[in-house]
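Each reported figure results from applying straightforward, stated rules to the coordinates on display, with no laboratory input. Predicted, not measured: the structure shown is a model, and the values here were computed from it. Here the Cβ is made from the backbone with ideal geometry for all residues, glycine too, and neighbour counts use every protein chain on show.
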Amino acid sequence: MDYTILILALPVLSFLVLALAGMKMPHRVAGTIGTLSLGAVAVLSYLTAFNYFSAPRTAEGLYPTLTPWNIEWLPFTSSLHIDMGILLDPISVMMLVVISTVSLMVHIYSFGYMKGEVGFQRYYAFLSLFTFSMLGLVVATNIFQMYVFWELVGVSSYLLIGFYYTKPEAIAASKKAFIVTRFADLGFLIGILIYGYYMQTFTFNPGTERLMQAGIVLPWALGLMFIGGAGKSAMFPLHIWLPDAMEGPTPVSALIHAATMVVAGVYLVARMFPLFIGFAPHTLHLVAWVGAFTAFYAASVACAQSDIKRVLAFSTISQIGFMMVALGVCTAANPHEGGLGYMAGMFHLFTHAMFKALLFLGAGCIIHAVHSNEMETMGGLRKYMPITHITFLIACLAIAGIPPFSGFFSKDEILTACFQYSPVMGWIMAIIAGMTAFYMFRLYYCIFWGKENKELHAHHMPHESPLTMTFPLMFLALVTIVAGFIPFGHFVSANGESYDIHLDWTVAGTSIAIAVIAIALATWMYAREQQPVADMLATRFSTLHRAAYKRFYMDEIWLFVTKKIIFRCISTPLAWFDRHVIDQFMNFMAWGTNAAGETVQPIQSGKVQTYTHYFLAGIIVLTIILLLN
């Protein structure tokens, strides 16, 4: 599969062309170059997946791990070196399909959504860079190559979130995303360095002997790596950057939330899964509880948001929490003994990418129609936007876990794995799944049903979006309908062996019942022009409602910690010490050097008579010393 190098080469070539010459091109030409390059990447990714998964398995019943490209980049010792290459295994091939599909849909969609925008060519250049970074991350042959592309993803997100660089909100959001994720990435880097020092390799499989020798420090290294993953995947309390990332263009939100940046942390845990499950199971279970709390927190906040993109942002945080929980509840590498969560987490990553991209692109169509993000400006839009309405409803049913849509199958497997791990974890995640169904149908009814804002619609009559925007919706809706029937366990499983998915109808029936009750509650509260029940509850529990709307004041807490504690108690004393001790000491050294130079300067007068006097004086002193001895 030598052609796989083109999967990385095409988007980076597109980025260079558009970045260097894009401003000299018409908008349509620049967009076409970016879209065609991603179309070729998608075709190559599908071809890679077909060739890889259709090839015969090994004698052990596993798909082989292939490295069609690998170049030694920075050698340190005979075993410790940083390589650059392409690694193909079940999860990396699956991610190639996910990233290329969603990115291609975003490229096509952006033709309509970004039409007429200043910086259109720059936007497509950044999209290509973002896609290249994520593709390079998932096919990395070693943990350090993954880190290099991990940071490129961070740079790309900074550029795209801050695309509207004349808006102070966009500038602040891009800096916030960059700083928070860099803070988390420090832990990732330290973990990599510990791993490399004790394993004497950066590869994902260091060998049993080295693992046994360094088994004590390995949980610490993996835990530090997870901090980086928690920052990138917006796990609590490092989630604060993601809602503000909505300041970027809506297609960027779809790309970040669906298939790229936020799933990087999940992919990191999945990539290091054999080490977690074999040598750091307690760290893995900590991942599960962090994911569970994050899922509950984000679902609670989503129930009170009024900005449709922020509802979807917190929905993403919650669903990423589901994936982390799925990986964390694994207790053995055998699917029949507790490894079900691995397959379920990867399956949910795949299905979630499709319906979450559909939700964000649908939200873009709605914003494009009403020129606002607030739900109060919407209502009754089903009459004006039939395609957006139907596709958005399909995505809502999928994320709510209603069969036969894809989200039901992947989320049901997660719940089954959770119940196998612990009934407590199972019921916690089942309740969060019900909250998901509630807030998504609250969003759906407030947008497409509810009370129509006729005064606003008189100025901006809502209308369906052009084909460039609705085609991606229809394509992703079709994938959402059929993806649940893919025998995903035949391709991706914890131990590599083919695994048949069997629905546990006790769990499935419970989850369906909870979802139906939650949808019925949302229908009763929001599917009417007036919403007296919702208004009454918001008034009666105003403190709780306001706290949820304010994200339980996590941003304010972080500002207090950074400004009042870190800046005032740590940074200010350090700055004083730097100015008054370090700087003054260096100033003293400079003054002493100058003073010594000025003192000896007369000696170097250039006068022979003076040198003669010093010479004779020296001879006399030396003679006296010799005579005394």
**Asked** How many nm is it between the label spots at LYS550 and ASP500, if each spot is 7 Å from the Cα in line with the beta carbon?
**Response** 5.6
**Message:** I need the shape label for segment 2-549. Rule: rounded when a/c is under 1.5, else prolate if a/b > b/c, else oblate, with a, b, c from the alpha carbon gyration tensor.
**Reply:** oblate
**Item:** Radius of gyration, Dmax [segment 566-629; alpha carbons; angstrom]
**Value:** 23.2, 68
**Fill in**
At the level of C-alpha centres, the distance separating segment 61-139 and segment 394-437, in angstrom, is 30
**Fill in**
Between the Cα axis of helix 340-370 and the main Cα principal axis of the chain, the angle (0 to 90°, nearest 10) is 80
**Request:** Please arrange VAL311, VAL533 by counting, for each residue, the other beta carbons lying within 10 Å of its beta carbon, fewest first.
**Result:** VAL533, VAL311
**Prompt:** What is the order of ASP535, ASP185, ASP307, fewest Cβ neighbours within 10 Å to most?
**Reply:** ASP535, ASP307, ASP185
**Request:** Using a 10 Å Cβ count of at most 13 others and DSSP loop calls, identify the longest part of the chain lacking such GluC sites (Glu not before Pro).
**Result:** 61-528
**Prompt:** Relative to the present Cα-Cα distance, how much length would full extension add between VAL608 and PHE53 at 0.36 nm per residue of separation?
**Reply:** 190.7 nm
**Asked** With each pseudo-label sitting 7 Å past Cα toward Cβ, what's the VAL43-SER422 distance in nm, one decimal?
**Response** 5.1
**Request:** Report, in deg cm²/dmol and to the nearest 500, the calculated mean residue ellipticity at 222 nm for the chain, where each DSSP H run with n ≥ 4 adds -39500 (n - 2.57) and the sum is divided by the residue count.
**Result:** -22500 deg cm²/dmol
**Request:** Label segment 146-185 by shape, choosing from rounded, prolate and oblate, from the square roots a ≥ b ≥ c of the eigenvalues of the Cα gyration tensor; if a/c is under 1.5 it is rounded, and otherwise prolate applies when a/b is larger than b/c, oblate when it is not.
**Result:** oblate
**Message:** For segment 517-594, which trypsin sites (Lys or Arg not before Pro) pass both filters: DSSP loop (anything but H, G, I, E, B) and at most 12 other C-beta atoms within 10 Å?
**Reply:** none
**Fill in**
For the chain, the dipole about the Cα centre with charges only on Cβ (Lys and Arg +1, Asp and Glu -1), to the nearest 20 debye, works out at 1280
**Request:** Determine the shape class of segment 528-573: with a ≥ b ≥ c the square roots of the Cα gyration tensor eigenvalues, call it rounded for a/c under 1.5, and otherwise prolate if a/b is greater than b/c, oblate otherwise.
**Result:** prolate
**Item:** Relative contact order (percent, whole number), segment 2-549, Cα cutoff 8 Å, 6+ residue spacing
**Value:** 13
**Request:** Find the centroid of the Cα atoms in segment 266-310 and in segment 471-502, then give the distance between the two in whole Å.
**Result:** 21
**Asked** Is any residue of segment 162-180 close enough, with backbone N under 18 Å, to a label point placed 7 angstrom from the Cα of PHE567 along the Cα-Cβ axis, and if so, which?
**Response** 169, 171-180
**Asked** Taking 0.36 nm per intervening residue step and subtracting the Cα-Cα distance, what contour gain separates LEU574 from PHE485 on full extension?
**Response** 26.1 nm
**Request:** Beyond 27 Å between alpha-carbons counts as too far, so tell me which of LYS115/LYS411; LYS232/LYS550; LYS309/LYS383; LYS232/LYS563; LYS24/LYS356; LYS167/LYS309 fall in that bin.
**Result:** LYS115/LYS411; LYS24/LYS356
**Prompt:** Which angle from 0 to 90°, rounded to the nearest 10, does the C-alpha axis of helix 120-138 make with the longest principal axis of the chain?
**Reply:** 80
